[in-house]
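Participant: Quick one: structure below, then a few questions.
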Amino acid sequence: MTRKAVEIRIEDLHLSFGTTEVLRGVNMTIEPGEFYAFLGPSGSGKSTLLRAIAGFGPTPRGRILIGGRDIAKLPPWKRNVGMVFQSYALWPHMSVRANVAFGLEERKVARKDIGTRVESALELVGLLHLADRMPSQLSGGQQQRVALARTVVVEPDVLLLDEPLSNLDASLRIQMRRELLSLQRKLGLTTIFVTHDQEEANTTADRMAVLDGGVIQQMGTPQELYDTPANLFVAKFLGTANIIDGTLQRGDGGNTFKIASGEVLHLGAGSPDGSSLVLRPQNIEIVTDQNHPDLITGKVKHREFLGSQTRYLVEAAGSELIIDQKHVGGVDWYEPGMEVKMSVNTRNAVLL
Ligand SMILES: Nc1ncnc2c1ncn2[C@@H]1O[C@H](COP(=O)(O)OP(=O)(O)OP(=O)(O)O)[C@@H](O)[C@H]1O
């Protein structure tokens with residue numbers, strides 16, 4: 001059932017609904033066999049981009065190359081693209097087997113081959129034993145797998161998944177995302193999935209694109225985007241970000257960053273220009289030892305015990321900082337109202 005994995009390349013893609021431009025110059029290359037996520041807030045254009053690759057919606061301007069062939073103006077059925085919809089879209093009056101066979105019958109595949117291909121697709125998703133059930137007799141996760149089997153059985157060049165796990169409950173979603181990844185690895189198909197759930201993207205995607213306002217804000221591995229966000233939107237969208245505003249001062253002995261409160265932090269020699277320092281909650285630590293060079297002072301506003309760590313909201317540096325303090329047992333509380341010193345790990349900070 002596997003084919004040679006192909007590259008997807010998108011060049012200067014623009015798409016409008018009426019007079020509203022929803023995709024505004026998208027450029028990207030997805031490598032053969034990659035599991036790629038489109039991530040972004042509601043309305044950012046991620047589904048529109050996925051649907052443009054599948055051939056649904058208004059015809060875009062620009063090029064969409066799948067395995068080097070520009071398919072941007074072709075009707076969906078001439079693109080050899082497999083798409084799984086959020087709603088699964090199974091035929092309710094047909095058995096699992098008939099649902100999976102449907103696409104092969106449409107393509108006039110020889111009857112003798114249909115049976116074997118359907119069985120191997122159902123085996124791949126672990127549902128061969130339920131082949132004669134009707135969709136209504138299946139759980140959400142099982143219906144999802146039928147939808148996947150039905151899509152991959154026709155041997156598409158690429159697999160597109162639109163919020164594939166959003167109809168499942170939380171624990172099933174975690175199990176299904178692992179299954180989905182292992183299925184994708186087995187098939188080796190270049191795959192794009194749309195999600196607004198960053199944990200889902202972080203745990204499965206080889207690389208991802210973060211969209212906002214129909215523009216790709218950044219592309220890279222989940223870790224690259226989290227550690228080195230290209231702008232404040234990406235920094236805030238991926239996880240919690242503390243933003244400290246201030247002024248960069250270049251000096252022979254290294255660079256410093258002067259914050260509104262007058263406190264000074266030391267930065268590396270090669271710091272880029274910028275006026276906002278982005279720090280993740282784990283890069284600021286409340287300390288009792290005051291011999292650290294990058295100390296700031298603040299006042300605890302709020303505290304949340306989360307088990308492995310305690311999250312503090314601290315008023316400091318002209319901002320409200322979120323600080324995750326490791327909890328190792330016993331009482332390690334800093335009380336709301338207390339003045340605390342914090343050590344800032346500027347090595348892992350990003351200046352924007
Ligand atoms: N058929 C349509 N007609 C007009 N505007 C549309 C249509 N479909 C989508 N849009 C608009 O295009 C923009 C992008 O929508 P899209 O569905 O791609 O966003 P999304 O990032 O996938 O969001 P969500 O997570 O909510 O699905 C939105 O502003 C939306 O209102």
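The values are calculated or read from the model by the stated rules, or taken from the named source; none is laboratory data. A quick note: this is a predicted structure, and the numbers were derived from the prediction, not measured. Here Cβ is always computed from backbone atoms with ideal geometry, including for glycine, and neighbour counts include all displayed protein chains.
Participant: Given the criterion more than 24 Å from TYR36 (Cα to Cα), away from the ligand (no atom under 16 Å from the Cβ), out of contact with any Cys (no Cβ under 6 Å at 6 or more places or on another chain) and in contact (Cβ under 8 Å) with a residue 40 or more places away in the chain, identify the matching residue among ARG107, ARG133.
Facilitator: ARG107
Participant: Of the conditions (1) more than 21 Å from ALA205 (Cα to Cα); (2) away from the ligand (no atom under 11 Å from the Cβ); (3) surrounded by 14 or more Cβ atoms within 10 Å (Cβ to Cβ), LEU23 satisfies every one except a single condition; which number is it?
Facilitator: Result: LEU23 passes all but (2).
Participant: Which residues, counting only those in region 26-52, are at positive phi, surrounded by fewer than 20 Cβ atoms within 10 Å (Cβ to Cβ) and near the ligand (Cβ under 10 Å from one of its atoms)?
Facilitator: Scanning region 26-52 gives a single hit, GLY43.
Participant: Looking at PHE17, is it among the aromatic types (Phe, Trp, Tyr), within 22 Å of THR195 (Cα to Cα) and either more than 16 Å from the ligand (Cβ to nearest atom) or out of contact with any Ser or Thr (no Cβ under 9 Å at 6 or more places or on another chain) (or both)? It would help to see each step written out before you state the result.
Facilitator: Working: among the aromatic types (Phe, Trp, Tyr): yes; within 22 Å of THR195 (Cα to Cα): yes; either more than 16 Å from the ligand (Cβ to nearest atom) or out of contact with any Ser or Thr (no Cβ under 9 Å at 6 or more places or on another chain) (or both): no.
Considered against the rule, which asks whether it is among the aromatic types (Phe, Trp, Tyr), within 22 Å of THR195 (Cα to Cα) and either more than 16 Å from the ligand (Cβ to nearest atom) or out of contact with any Ser or Thr (no Cβ under 9 Å at 6 or more places or on another chain) (or both), PHE17 comes out as no.
Participant: Among the basic types (Lys, Arg) and farther than 21 Å from PHE237 by Cβ, is that true of ARG79?
Facilitator: yes
Participant: Which condition does GLU285 not pass, out of (1) of a type in the set (D, E, K, R); (2) without any contact (Cβ under 8 Å) to a residue 40 or more places away in the chain; (3) out of contact with any helix residue (DSSP H, G or I) (no Cβ under 9 Å at 6 or more places or on another chain), if it passes all the others?
Facilitator: Failed condition: (2).
Participant: Here are some conditions: (1) within 21 Å of the chain's Cα centre (by Cα); (2) within 16 Å of the ligand (Cβ to nearest atom). THR59 meets all but one. Which one does it not meet?
Facilitator: (1)
Participant: Assess whether GLY213 counts as being surrounded by fewer than 16 Cβ atoms within 10 Å (Cβ to Cβ), closer than 18 Å to ILE10 by Cα and modelled with pLDDT of 95 or more.
Facilitator: Yes.
Participant: Continuing with this model, one more query. If you check LEU122 against the conditions, is it in the same structural domain as ASP197 (by TED's automatic domain parsing) and either surrounded by fewer than 21 Cβ atoms within 10 Å (Cβ to Cβ) or within 15 Å of the ligand (Cβ to nearest atom) (or both)?
Facilitator: Values: in the same structural domain as ASP197 (by TED's automatic domain parsing): yes; either surrounded by fewer than 21 Cβ atoms within 10 Å (Cβ to Cβ) or within 15 Å of the ligand (Cβ to nearest atom) (or both): no.
It is false that LEU122 is in the same structural domain as ASP197 (by TED's automatic domain parsing) and either surrounded by fewer than 21 Cβ atoms within 10 Å (Cβ to Cβ) or within 15 Å of the ligand (Cβ to nearest atom) (or both).
Participant: Checking LYS186 against (1) surrounded by fewer than 17 Cβ atoms within 10 Å (Cβ to Cβ); (2) without any contact (Cβ under 8 Å) to a residue 60 or more places away in the chain; (3) of a type outside the set (A, V, I, L, M), which test does it fail?
Facilitator: (2)
Participant: Which residues, counting only those in region 244-265, are surrounded by fewer than 16 Cβ atoms within 10 Å (Cβ to Cβ) and either in a loop (DSSP other than H, G, I, E, B) or within 33 Å of the chain's Cα centre (by Cα) (or both)?
Facilitator: Scanning region 244-265 gives ASP245, THR247, ARG250, GLY251, ASP252, GLY253, GLY254, ALA260, SER261, GLY262.
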